[in-house]
């Protein structure tokens, strides 16, 4: 391939993929800005008040017997203070959600999972009252697969900032914290960097691959063009044997 042809190819590749390069570079800058303006995802560390040992009246073996699915095996049992009461959180092999057994009565406590999630959110937010707005069993445009953990509750404070947290009772922690401003930044990044405005994932991935490959080819053409034209231009200028204008053979002059 001649230097002239390669130069023209480089020019048209630059024009064709300039938008992809601009989106990638701008979203990269925005991603760095987001590390300054947004806190990292919270650590999955269980938190809560201490459990007074003398308040627990029911032994573990008796508490487990109150769970119907426990006959198939128990994976884990935690003892937590929930709604001011010592409570066994029992994970069995068959159930997809934990069972809650009162540590004082030995009876199953219904609807305790949502109460537990609310308390986790309230502690994280420094005592702010929250309400459940959703229970997610799959990822969506705000709670992305990068957060990994499902299912989660979305708890909102109802304040002007739109403060909301996602809570997992499995990890007993907040998995994501956001508000209107943080989410706006995250949406802009997703639109520019991931093209999330394209609803079809196959099409979106294809466009991203083509755009990234185009930037690669553009950079590769520039490197090749530099090496095959620059030394040649210098040798012609130094020897005085040019058969035509030197600028036609040089990288800078051709552009």
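Test residue 95 against the criterion of being within 30 Å of residue 63 (Cα to Cα) and either at pLDDT 95 or above or touching a helix residue (DSSP H, G or I) at 6+ places or on another chain (Cβ under 8 Å) (or both), and give yes or no.
It is true that residue 95 is within 30 Å of residue 63 (Cα to Cα) and either at pLDDT 95 or above or touching a helix residue (DSSP H, G or I) at 6+ places or on another chain (Cβ under 8 Å) (or both).
Taking the range 120-153 as the search range and keeping residues that are in a helix (DSSP H, G or I) and in contact (Cβ under 8 Å) with a residue 12 or more places away in the chain, which one is nearest to residue 184 (Cα to Cα)?
Across the range 120-153, the extreme among qualifying residues is 147.
Within the range 154-171, track down each residue that is surrounded by fewer than 20 Cβ atoms within 10 Å (Cβ to Cβ) and either free of Cβ contacts under 8 Å to residues at least 12 places away in the same chain or in a loop (DSSP other than H, G, I, E, B) (or both).
Matches in the range 154-171: 157, 158, 159, 160, 161, 162, 163, 170, 171.
For the range 177-193, indicate whether the set of residues that are modelled with pLDDT of 90 or more, assigned to a strand (DSSP E or B) and either buried (at least 16 other Cβ atoms within 10 Å of the Cβ) or assigned by TED's automatic domain parsing to the domain that holds residue 59 (or both) is non-empty.
yes
The values are calculated or read from the model by the stated rules, or taken from the named source; none is laboratory data. For clarity, every value in this text was computed on a predicted model and none was experimentally measured. Note: ideal-geometry Cβ built from the backbone for every residue, glycine included; neighbour counts use all protein chains shown.
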